[in-house]
Amino acid sequence: MKAIAFSVGPFEEPFLRTTDHVLTLVPDQLNLATVEQAKGYEAALIFGTDEATKDVLARLSQLGIRYVLTRSAGMDHIDQSAASELGIDVKSIPAYSPGAIAEYAVALMLTLGRHVQQATDNARQFNFRLTPDLVGFELRGKTVGIAGYGHIGQALASILAGFGCHLLAYDSAPDSAQAESGVAVESVSLGALLTRSDIISLHLPLTDDTQGLFNQATFRQMKPGAMLINTGRGGVLDTADAIEALKSGQLGYLGIDVYEHEHGLFFEDRSG
């Protein structure tokens, strides 16, 4: 099969070149200005930053593309209804390494809870004073709410169980997942997860129901000073409301690996 891969970064090239298919790698993002590069191919491999809109998909179909495969678990950047109407088969990665993302979520928790970044910045300025704002807390004994109990949520639960955390899970089917993971997790409603958790970690897909789910109203239900971690999808969190909650102290800590407005920002060097 002849395929073209858009938005290919240097870190991906060694992996994408190990295939028996005829695969062309291009660094350009897929959009209306670059879609013509797909002429003569059967499949397009895209990334989460690419624009698989109705118009782009229609042009891909005209150019002969029959398969669109996204190198991401989420598919909110693809107009799936349009793809279905055009007869384009859409596939995604079943899951990233659940352990890698779960471990990073824990790394954010530890960094924030122990004020590692602030302490490091102070040390670089040769400021070694021990001040009240550097006093951290242990994860042991904390109640951690996991919103989204799929593969990543279960991997996170396994790690946090070792820290001695009490675990809550909000999901459509957490009971069956708990049986598979073997970790003691209490299945709760979203409301209970908000009011009871010291730390909340988001692992929800981005859908119409979860878009902006964590907003001003949600933050008001959380414990004052609670920690929120988002390594899922940026759009699940209302960024403006999160900033206001941080300023007021209702939200004590925020650790994010994704951003609501990341399109056009990630994954390029924007230091200039």
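The values are calculated or read from the model by the stated rules, or taken from the named source; none is laboratory data. Everything numeric here is computed off the predicted structure, so don't read it as measured data. Note that we place each Cβ from the backbone using ideal geometry, even for glycine, and neighbour counts take in every protein chain shown. Surface accessibility is based on the protein's heavy atoms, side chains included, excluding ligands, DNA and RNA. Shrake-Rupley method; radii C 1.70, N 1.55, O 1.52, S 1.80 Å.
Mind checking which of 53, 224, 170 is farthest towards the positive end of the chain's charge dipole, using Cβ charges of +1 (Lys, Arg) and -1 (Asp, Glu) about the Cα centre?
224
From the protein chains alone at 1.4 Å, what is the descending order of accessible area for 227, 75, largest first? The partial results should precede the final answer.
Details: 227 0, 75 50 Å².
I get 75, 227, largest accessible area first.
Separation between the residue 265 and residue 103 pseudo-spin-labels, each 7 Å from Cα along Cα→Cβ, expressed in nm?
2.7 nm
Looking at [x] 60, 43, 34; [y] 63, 49, 35; [z] 54, 54, 35, which value of Cα extents along the principal axes in Å comes from a calculation on the structure shown?
It is the value labelled [y].
What are the DSSP H helices in the chain that stretch 20 Å or more along their long axis, judged by alpha-carbon atoms, and whose average Kyte-Doolittle hydropathy comes to at least -0.5?
98-113
For the chain, what is the calculated [θ] at 222 nm in deg cm²/dmol (nearest 500), taking -39500 (n - 2.57) for each run of four or more DSSP H residues and dividing by its residue count?
-9000 deg cm²/dmol
Could you name the lysines in cross-link range of residue 142, using Cα to Cα under 29 Å and dropping any fewer than eight places away on the same chain?
Here the lysines satisfying the reach criterion relative to residue 142 are 223, 247.
Quick one: which residues, 5+ away or cross-chain, put their amide H under 5 Å from the amide H of residue 145? H built at 1.01 Å from N.
Under 5 Å from the amide H of residue 145 lie the amide H atoms of 168, 198, 199, 200, 201, each far enough along the sequence or on another chain.
Rounded to whole Hz and in sequence order, give me ³J(HN,Hα) for segment 71-85 from the Karplus expression 6.51 cos²θ - 1.76 cosθ + 1.60, θ = phi - 60°, writing x for Gly and Pro.
7, 7, 7, x, 10, 6, 8, 10, 7, 5, 5, 5, 4, 5, 5
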